[in-house]
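Enquirer: Here you go, one structure.
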Amino acid sequence: MDGDIQNLINQLHVKNDDIRGPALASLIRLGAKAIPALRAAANDPDPAMRAKVMEALATIADPACADLFRHALDDTDGHVRAWGAQGLVRIKDPGAVEALLRTFHDYPDELHGQHTLSSYTLIGMGSKVLPEVIPLLADDNVYTRERAYWVVMGIVTRMPGYENGWEELAERLGGYDPHGALEERESAVSKWVKWAEQFE
């Protein structure tokens, strides 16, 4: 079995998704049995390899890998960082939301560039993360403000009672525009922060 697992690890190096994809799926199915070999490959010099290893570990979601997930947040590759955050989310680590915010711009969706792996996950976590996300609307970086705006909208429009009420709520809370004047943005953000206090 160990030899079979190592063969699967080796296949993750192959720059061919027809080979690498099934190998990744097989490692994930093996679960805890594959973790020692995946751990050994977690520091591979190839960032694409590290990303696949971290994706497998995050999907297996063994709490014993919390140290690897935290370490991945400092990786030089955005895909690795993003999967490290996903691992912390899936093991319900107390630092999961902070990790998602740290990796907010990592691993953009190629078809929907306003979103990333972490921003999608924040949307899926719902209203409980609004108090952490809304302050990003005041960030100095316009790209952060834009992405935060999409996340807030994604969360709110999935909340009972607000499914069709985004425009009315956004206008009532100051008509926030991520490209608007600083004073207007600050005024709107303060209203959003106050509104989100109910979810703390």
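The values are calculated or read from the model by the stated rules, or taken from the named source; none is laboratory data. Keep in mind the model is a prediction, meaning the values are calculated, not measured. Note that each Cβ is placed from the backbone with ideal geometry, even for glycine, and that neighbours are counted across all protein chains shown. Ligands, DNA and RNA are stripped out before the accessible areas are found, and what is left, the full protein with its side chains, is counted by its heavy atoms. Shrake-Rupley method; radii C 1.70, N 1.55, O 1.52, S 1.80 Å.
Enquirer: Out of (1) farther than 25 Å from Lys52 by Cβ; (2) in contact with a helix residue (DSSP H, G or I) (Cβ under 6 Å, 6 or more places away or on another chain); (3) open to solvent by less than 30 Å² (accessible area, probe 1.4 Å); (4) part of a helix (DSSP H, G or I), what's the single condition that is false for Ser118?
Expert: Answer for Ser118: the failing condition is (1).
Enquirer: Residues being in a helix (DSSP H, G or I) and buried (at least 16 other Cβ atoms within 10 Å of the Cβ): count how many of those fall in segment 165-186.
Expert: 3
Enquirer: Turning to a different aspect of this structure: Somewhere in segment 17-25, is a residue among the acidic types (Asp, Glu) and touching a helix residue (DSSP H, G or I) at 6+ places or on another chain (Cβ under 8 Å)? Spell out how you get there, then give the answer.
Expert: In the first step, residues of segment 17-25 are kept if they are among the acidic types (Asp, Glu); the result is 17-18.
Remaining after also requiring touching a helix residue (DSSP H, G or I) at 6+ places or on another chain (Cβ under 8 Å): none.
Checking segment 17-25: not a single residue is among the acidic types (Asp, Glu) and touching a helix residue (DSSP H, G or I) at 6+ places or on another chain (Cβ under 8 Å).
Enquirer: Here's another thing I want to ask about it. Tell me which residues, restricted to segment 58-75, are open to solvent by less than 50 Å² (accessible area, probe 1.4 Å) and closer than 21 Å to His105 by Cα.
Expert: Restricting attention to segment 58-75, the residues satisfying the condition of being open to solvent by less than 50 Å² (accessible area, probe 1.4 Å) are 58, 60-62, 65-66, 68-69, 72-73, 75.
Scanning segment 58-75 gives Ala58, Leu68, Phe69, Ala72, Leu73, Asp75.
Enquirer: What is the number of the single condition among (1) aliphatic (A, V, I, L, M); (2) open to solvent by less than 30 Å² (accessible area, probe 1.4 Å); (3) without any contact (Cβ under 8 Å) to a residue 12 or more places away in the chain that Leu130 does not meet?
Expert: Every condition holds for Leu130 apart from (3).
Enquirer: OK, next. State which residue is nearest to Arg70 (Cα to Cα) when the search covers only segment 26-48 and only residues that are assigned to a loop (DSSP other than H, G, I, E, B) and touching a helix residue (DSSP H, G or I) at 6+ places or on another chain (Cβ under 6 Å).
Expert: Initially, segment 26-48 is screened for residues assigned to a loop (DSSP other than H, G, I, E, B), giving 42-46.
In the following step, the residues that additionally are touching a helix residue (DSSP H, G or I) at 6+ places or on another chain (Cβ under 6 Å) were identified as 42, 44.
Numbers: Ala42: 12, Asp44: 17 Å.
Taking the candidates together, the pick is Ala42.
Enquirer: Now for a different question. Can you find even one residue in segment 76-92 that is within 30 Å of Ser190 (Cβ to Cβ) and open to solvent by 30 Å² or more (accessible area, probe 1.4 Å)? Break it down stepwise before answering.
Expert: First, pick out the residues of segment 76-92 that are within 30 Å of Ser190 (Cβ to Cβ): 85, 89.
Now narrow it down to the ones that are open to solvent by 30 Å² or more (accessible area, probe 1.4 Å): 89.
Yes; the residues of segment 76-92 include at least one that is within 30 Å of Ser190 (Cβ to Cβ) and open to solvent by 30 Å² or more (accessible area, probe 1.4 Å).
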